[in-house]
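Enquirer: After the structure tokens below, expect a handful of questions from me.
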Amino acid sequence: MDGKEEFLKEFGDFYGYPNAPKSIDEIRSTEFKRLEDTVYLDHAGATLYSELQMEAIFKDLTTTVYGNPHSQSDSSSATSDIVREARRQVLDYCNASQKDYKCIFTSGATAALKLIGENFPWSCKSTFMYTMENHNSVLGLREYALNQGAAAFAVDINEAVDQGGASRSFLTSFKVIQHPVQIRNEAKVLEGELTGDAYNLFAFPSECNFSGMRFGLDLVNNVKQNAEKILEGSPYSKGHWMVLIDAAKGFAAQPPDLSLYPADFVVISFYKLFGYPTGLGALIIRNDAAKLLKKTYFSGGTVAASIADIDFVRRREAVEEQFEDGTISFLSIASIRHGFKIFNTLTTSAMCWHTMSLTKFLKRKLLALRHENGESVCTLYGNCPLKVSRHDCGSIVSFNLKRPDGSWFGHREVEKLASLYGIQLRTGCFCNPGACAKYLGLSHSDLLSNLEAGHVCWDDNDVINGKPTGAVRVSFGYMSTYEDAKKFIDFIRSSFISMPSEFEKRYLLRSKSIPCPTEGFEDRLSSSACHLKSITIYPIKSCAGFIVNSWPLSDTGLQYDREWLLKSLTGEILTQKKVPEMFLIKTFINLNQQILSVESPHCKRKLQIKLDSNSYLPGKEEFYLQSQRYEVQCYENEINQWFSDAVGQPCTLVRCCQSEYCFSLNKNRSMGMCRDVNSKVNFANEAQFLLISEESVSDLNNRLCSKTQKLSCGAPPNVNPMRFRPNLVISGGEPYAEDGWRNLRIGNTYFSSLGGCNRCQMINFYQQTGQVKKTNEPLATLASYRRIKVRSW
């Protein structure tokens with residue numbers, strides 16, 4: 001029985017829409033043809049629109065005249081009717097009566113949350129309670145509460161251990177654990193204000209966007225009716241409790257039934273439902289809750305009348321008209337009916353079962369993976385059972401991967417390698433800091449230490465002090481397939497499961513010492529089989545370097561190495577990854593003449609910059625790059641214009657005149673980062689020197705050749721050592737012998753290894769006939785057998 005047959009044997013009743021007009025294979029072949037070479041697994045970030053859906057939208061927009069709904073023309077009246085119908089569709093989708101609820105269109109779920117925060121009746125006796133598993137956009141409500149003197153605190157909601165299997169109420173089957181109370185302003189109770197009259201807000205997601213855990217909607221009724229019992233008599237439990245559900249993630253396949261669980265506020269974003277339109281969301285609000293919101297601002301469309309030169313305004317009475325400032329995005333609103341048409345055809349239940357089957361399948365496969373020493377490869381996050389159930393967990397699989405020795409693979413490394421295989425996923429904390437800290441076991445001290453070490457959202461610092469800073473997230477959509485999940489599992493197996501060959505075992509821990517003359521570097525060594533083959537200097541970060549036979553050292557490494565860089569006018573550092581044309585910029589430094597020469601095929605003249613130039617602009621600038629503070633000198637417009645022409649966009653050249661490393665990212669020098677607090681560097685990413693051996697590159701080329709022959713896909717690529725932008729190329733040893741070197745002596749100069757350099761996609765760029773090309777190699781092949789990184793010193 002092959003893999004898919006085994007999968008269908010267990011999940012065939014749930015997978016692929018067996019009762020729908022189209023099967024999943026027909027849906028993919030007719031509505032998602034653009035996914036032929038792509039495995040898209042980031043539906044929690046943004047799901048994909050159907051091609052038939054977009055055709056219907058385009059036909060609608062090109063055959064219908066839509067007018068501004070604030071006008072009174074026929075086209076405007078017709079638009080108002082469509083907007084009214086769209087509101088009804090949204091309410092119907094969550095079984096909300098139009099008598100009890102209204103649908104307010106916003107620019108997204110975040111805008112809907114902001115609307116609540118700005119207008120909620122906070123007081124110094126209010127409480128804002130929220131689950132740890134909440135998006136930053138929900139946590140932002142805390143600012144409004146605290147600024148008004150309200151208390152705020154997070155809670156964990158844990159399912160109690162079943163003892164005897166008897167049915168229990170929510171109060172006995174769940175335990176609410178309260179985190180410390182936050183109070184920013186110690187405000188006094190206003191005269192006549194009673195604790196019981198305060199309005200409180202409890203917020204939770206219908207589905208956690210980090211772990212995929214679904215929260216029981218019983219929370220709505222129990223918090224509204226039994227807050228004092230749930231919080232065990234806490235003084236912050238008194239008052240009128242209102243409930244907010246963040247349904248941005250969970251709304252598509254399992255919308256809350258508001259007839260059973262009458263939440264006061266529900267926020268959604270439509271691109272997470274249908275993929276299109278973006279920039280449109282909604283706040284579903286109970287009518288009695290809307291009456292409590294205290295809106296200050298008024299705008300076009302929200303007033304019945306206003307007088308310009310006196311303090312007079314009369315607001316409109318309809319809830320939607322009170323809160324939809326200005327002209328709503330009526331063309332986007334007109335588009336959502338085409339998305340609902342797809343959902344109604346497939347049904348929410350079938351979509352939920354479909355994604356559930358893929359989620360359970362992937363989790364089981366990941367948990368079953370083992371290294372050759374028997375150690376587990378994958379750690380999953382979230383307490384979702386692996387049984388077949390559509391109510392426990394959503395369509396998310398969140399995890400991290402481990403090496404055979406128990407250390408972690410960085411989540412950014414997984415993401416970068418996945419992209420080489422055409423797999424699109426997301427890594428990090430997904431704007432959910434509470435869930436991230438909870439599941440990764442990060443204390444407040446860890447989080448603050450990581451921040452001081454320079455770690456911020458979306459950076460490459462994925463493992464700090466031996467702990468992951470985020471996770472890998474795979475999320476499925478209604479159009480995802482078994483083949484998507486299978487390709488991802490195959491990618492993990494080929495790239496992250498350790499099965500080293502005898503050759504790799506033999507040389508993994510070998511140690512060497514290379515002697516070398518004392519004056520600078522020379523290209524010949526006398527007393528070792530290994531010798532230094534070449535020295536390369538890269539004056540401008542990400543531009544081409546030049547090879548020399550000898551070169552002086554400085555306190556930042558090789559003198560002038562990576563001492564210059566290019567910045568965009570917005571301050572962004574330019575690198576080959578974003579500006580491949582930098583690959584074509586050639587550099588050379590004449591030490592005798594003290595001149596930096598720069599050439600580019602896009603510039604007619606060679607640029608010559610004196611090293612002691614007076615062409616600097618007066619004064620110095622300061623900026624931070626990878627936790628290092630730099631003082632830089634800037635150049636005059638003529639030099640900046642030359643580089644702007646060379647790279648095809650406005651930029652400026654800056655030179656490092658002083659650097660100060662502010663934090664030690666990895667004091668114990670564990671695998672992952674190789675920064676050293678005692679090392680001074682210019683604009684190098686991680687260390688003063690980067691070293692590679694010719695034998696290691698030769699072995700890589702042999703593997704590339706073998707892979708190419710096996711796949712019968714033309715001539716194999718030949719990788720030059722310079723693809724890795726090393727400062728030092730050695731020759732004469734065994735492949736990968738440098739992996740085991742901890743110390744190195746060249747002449748009377750001693751070097752200490754700081755660990756492996758983080759590998760990036762720049763090694764996939766190469767030059768051909770004056771053009772910069774990019775392929776998946778050699779990074780894809782390296783990922784299949786190399787978990788040790790290029791050595792930094």
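Enquirer: What percentage of the solvent-accessible surface of the stretch 29-181, computed with a 1.4 Å probe over protein heavy atoms, is contributed by carbon and sulfur atoms?
Expert: 50 percent
Enquirer: Shifting gears a bit: Taking the Cα centre of the chain as the origin and placing charges on Cβ (Lys, Arg +1; Asp, Glu -1), which of T587, L754, G733 is farthest toward the positive end of the dipole?
Expert: So the residue furthest toward the plus end is G733.
Enquirer: Here is a follow-up. First select every other residue whose beta carbon is under 12 angstrom from the beta carbon of T127; then total the charges, Lys and Arg +1, Asp and Glu -1. Working shown, then result.
Expert: Values: positive: K125, R142, K238; negative: E228.
Its environment carries a net charge of +2.
Enquirer: Tell me the accessible surface of M129 in square angstrom (1.4 angstrom probe, heavy atoms of protein chains only), to the nearest ten.
Expert: 10 Å²
Enquirer: A further question follows. What number comes out for accessible area per residue over the stretch 706-751 if the probe is 1.4 Å? Units Å², please. Walk me through the intermediate numbers first.
Expert: Details: 2270 Å² over 46 residues.
Per residue, the stretch 706-751 has an accessible area of 49 Å².
Enquirer: About the Cα centre of the chain, what is the dipole size in debye to 20, counting +1 per Lys and Arg Cβ and -1 per Asp and Glu Cβ, all else neutral? List each step's numbers first, then the result.
Expert: Working: 89 positive and 86 negative charges, 276 e Å.
Roughly 1320 debye for the chain.
Enquirer: Let me ask another. Contact order normalised by length for the stretch 691-784, with contacts defined as Cα pairs under 8 Å and 6 or more residues apart; what percent is it? Please report the intermediate quantities before stating the final value.
Expert: Working: 99 pairs, mean separation 28.2, N = 94.
In percent, rounded to a whole number, it is 30.
Enquirer: In whole percent, and with a 1.4 Å probe on the protein chains, what portion of the accessible area of the stretch 531-656 is carbon and sulfur?
Expert: Working: 2750 of 5870 Å².
Roughly 47 percent of what the probe reaches on the stretch 531-656 is carbon or sulfur.
Enquirer: Please list F298, F58, F476 in order of solvent-accessible area, largest first, computed with a 1.4 Å probe with all protein chains present.
Expert: Working: F298 85, F58 135, F476 5 Å².
Reading off the accessible areas and sorting them downward yields F58, F298, F476.
Enquirer: For I595, what residues show an amide H to amide H distance below 5 Å, using hydrogens built from the backbone and excluding near sequence neighbours?
Expert: The list, which skips near neighbours in sequence, is N590, L611.
Enquirer: With respect to the cross-link table entries K114/K291; K533/K606; K102/K294; K541/K680, which display a Cα-Cα separation exceeding 19 Å?
Expert: Values: K114/K291 17 Å; K533/K606 29 Å; K102/K294 17 Å; K541/K680 16 Å.
With Cα atoms farther than 19 Å apart: K533/K606.
Enquirer: Same structure again: Taking the Cα centre of the stretch 11-147 as the origin and placing charges on Cβ (Lys, Arg +1; Asp, Glu -1), which of T47, T79, A96 is farthest toward the positive end of the dipole?
Expert: Working it through, the farthest residue towards the positive pole turns out to be A96.
Enquirer: On the protein heavy atoms, probe 1.4 angstrom, tell me the percent of accessible surface of the stretch 211-365 carried by carbon and sulfur. It would help to have the intermediate numbers written out before the result.
Expert: Numbers: 3150 of 6290 Å².
Using a 1.4 Å probe with all protein chains present, the stretch 211-365 comes out at 50 percent carbon and sulfur.
Enquirer: Beta carbons within 10 angstrom, averaged per residue: use that to sort the peptides 325-335, 477-487, highest first.
Expert: Details: 325-335: 18.1, 477-487: 20.7.
Final packing ranking: 477-487, 325-335.
Enquirer: Please list 3J(HN,Hα) in residue order for the stretch 477-487, calculated via the Karplus relation 6.51 cos²θ - 1.76 cosθ + 1.60 where θ = phi - 60°; whole Hz, with x for glycine and proline.
Expert: Values per residue, Gly and Pro as x: x, 5, 9, 5, 10, 4, 4, 4, 5, 5, 5 Hz.
Enquirer: Hey, could you grab the Kirkwood Rh for the stretch 531-656? Inverse mean 1/r over distinct alpha carbon pairs, Å, one decimal. Intermediate results must be reported in sequence, preceding the final value.
Expert: Details: mean 1/r = 0.0661 Å⁻¹.
When all Cα pairs of the stretch 531-656 are included, the Kirkwood radius is 15.1 Å.
Enquirer: Compute the convex hull volume of the Cα atoms of the chain, divide it by the residue count, and report the result per residue in Å³ as a whole number.
Expert: Numbers: hull volume 177.3 nm³, N = 793.
Taking the convex hull of the Cα positions in the chain, it is 224 Å³ per residue.
Enquirer: At a probe size of 1.4 Å, how large is the accessible area of R314, to the nearest 10 Å²?
Expert: About 150 Å², rounded to the nearest 10.
Enquirer: Under the Karplus relation 6.51 cos²θ - 1.76 cosθ + 1.60, θ = phi - 60°, what is the ordered set of whole-Hz ³J(HN,Hα) values for the stretch 85-99, x standing for Gly and Pro?
Expert: Each residue of the stretch 85-99 in turn: 5, 5, 4, 5, 4, 5, 5, 4, 5, 10, 6, 9, 5, 5, 6 Hz.
Enquirer: Also, I was wondering about something else. Rolling a 1.4 angstrom probe over the protein chains, ignoring ligands and nucleic acids, what is the accessible area of K294 in square angstrom, nearest 10?
Expert: Estimated to the nearest 10 Å², K294 gives 130 Å².
Enquirer: Something else: Rolling a 1.4 Å sphere over the protein heavy atoms, what is the accessible area per residue of the stretch 31-101, to the nearest Å²? Before the final figure, lay out the partial values.
Expert: On the way: 3730 Å² over 71 residues.
Value for the stretch 31-101: 52 Å² per residue.
Enquirer: Another question, then. Per DSSP H run of at least 4 residues, take -39500 (n - 2.57); add these up for the chain, divide by its residues and hand me the 222 nm value, nearest 500 deg cm²/dmol. Walk me through the numbers before you get to the answer.
Expert: Working: 22 runs with 224 residues, N = 793.
Rounded to the nearest 500, the figure is -8500 deg cm²/dmol.
Enquirer: In addition: Express as a percent, rounded to the nearest 5, the fraction of DSSP beta bridges in the stretch 691-784 (both residues included) that run antiparallel.
Expert: Working: 8 of 11 bridges.
Antiparallel bridges: around 75 percent, rounded to the nearest 5.
Enquirer: Same structure again: Hey, what angle do you get for helix 51-63 against the long axis of the chain, alpha-carbon based, 0 to 90 degrees rounded to 10?
Expert: Approximately 60 degrees, to the nearest ten.
Enquirer: Would you mind listing how long the stretch 691-784 runs along its three principal axes, going by Cα atoms, in whole Å with the largest first?
Expert: Per principal axis, max minus min of the Cα coordinates gives 48, 29, 21 Å.
Enquirer: Expressed as an acute angle from 0 to 90° and rounded to the nearest 10, what is the orientation of the C-alpha long axis of helix 637-647 relative to the principal long axis of the chain?
Expert: 80 degrees
Enquirer: Another question about this same structure. At 0.890 mPa s and 25 °C, plugging the Kirkwood radius over alpha-carbon pairs of the stretch 245-359 into Stokes-Einstein gives what diffusion coefficient in µm²/s?
Expert: On the way: Rh = 16.6 Å.
Value of D from the Cα-based Kirkwood radius: 148 µm²/s.
Enquirer: Per residue, how many Å² of accessible area does the stretch 332-454 show with a 1.4 Å probe? Could you put the intermediate results ahead of the total?
Expert: Numbers: 4530 Å² over 123 residues.
Using a 1.4 Å probe on heavy atoms only, each residue of the stretch 332-454 averages 37 Å².
Enquirer: Indicate, rounded to the nearest 5 percent, the antiparallel portion of the DSSP beta bridges found entirely in the chain.
Expert: Working: 89 of 114 bridges.
Counting only bridges with both partners in the chain, antiparallel ones make up about 80 percent.
The values are calculated or read from the model by the stated rules, or taken from the named source; none is laboratory data. In this text the structure is predicted, and so the values were computed from the model without any measurement. Because the Cβ atoms are built from the backbone with ideal geometry, glycine has one as well, and the counts that use them run over all protein chains shown. Calculation scope for accessible area: heavy atoms of the full protein, side chains included, ligands and nucleic acids excluded. Shrake-Rupley method; radii C 1.70, N 1.55, O 1.52, S 1.80 Å.
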